[in-house]
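Here is the structure we will look at, set down as structure tokens.
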Number of protein chains: 2
Amino acid sequence: MFIILVYDVGEKRVAKVLKICRKYLTWVQNSVFEGEITESAYKKLKLELKRAIVEDEDSVIFYILRTIKYSDREMLGRKKGGEEIFL
Amino acid sequence: MFIILVYDVGEKRVAKVLKICRKYLTWVQNSVFEGEITESAYKKLKLELKRAIVEDEDSVIFYILRTIKYSDREMLGRKKGGEEIFL
């Protein structure tokens, strides 16, 4: 499956969250990661993030696409990171 | 179609970009919007954003899902905005 992850966490926890996300996904923009991931790796990722964030203050969204067959990505402006995965 | 929009723009342009995004989509997190949108509204949205941002400095990503049948959304932490669209 393919996931898009967007985080919004307190400054103190950004480095930790980035490090965790980078282990599993590709960075695409400031607070956005994406990538193919297995179900078990996704569970690990969520667990690690759950431990790293402060649930009352921080927020992480995962969009889970079981296929990217019906999806595209478009960008405006500067390309800030990551490789092209979508065509 | 359904789109997920993530922006990363200079502070001076945040208010303008938010205002544009709110016309077309639902706010879900700090810099994330999502929603059903027609092809023509999506074109307008892109055009308005293109005019509002500084292309060398800012960045807006659109994920376009032609169907949300194969998608889910999960969240960790605080719910920061928006209504639930995904089940």
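Values as computed for the structure displayed
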item	result
Within segment B:3-23, tally of residues that are more than 20 Å from residue A:33 (Cβ to Cβ) and either β-branched (Val, Ile, Thr) or crowded, with 19+ Cβ neighbours inside 10 Å (or both)	4
Residues satisfying the stated conditions in segment A:49-71, i.e. in contact with a Lys or Arg (Cβ under 8 Å, 6 or more places away or on another chain) and either more than 13 Å from residue A:3 (Cβ to Cβ) or hydrophobic (A, V, I, L, M, F, W, C) (or both)	A:52, A:53, A:54, A:55, A:56, A:57, A:58, A:59, A:61, A:62, A:64, A:70
Candidates A:32, A:6 - the one that is under 16 Å from residue B:72 (Cα atoms), touching a Ser or Thr at 6+ places or on another chain (Cβ under 9 Å) and of a type in the set (A, V, I, L, M)	A:6
Some residue of segment B:34-57 being under 26 Å from residue A:54 (Cβ atoms) and either at pLDDT 95 or above or surrounded by 20 or more Cβ atoms within 10 Å (Cβ to Cβ) (or both)	yes
Residues that are closer than 21 Å to residue A:71 by Cα and of a type in the set (S, T, N, Q), drawn from segment B:30-63	B:31, B:38, B:40, B:59
Positions within segment A:73-87 being within 17 Å of residue A:1 (Cβ to Cβ) and at pLDDT 85 or above, in sequence order	A:73
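The values are calculated or read from the model by the stated rules, or taken from the named source; none is laboratory data. Just so we're clear, the structure is a prediction, and the values are computed from it rather than from any experiment. A quick note on method: Cβ atoms are made from the backbone with ideal geometry, for glycine too, and the neighbour counts reach across all protein chains shown.
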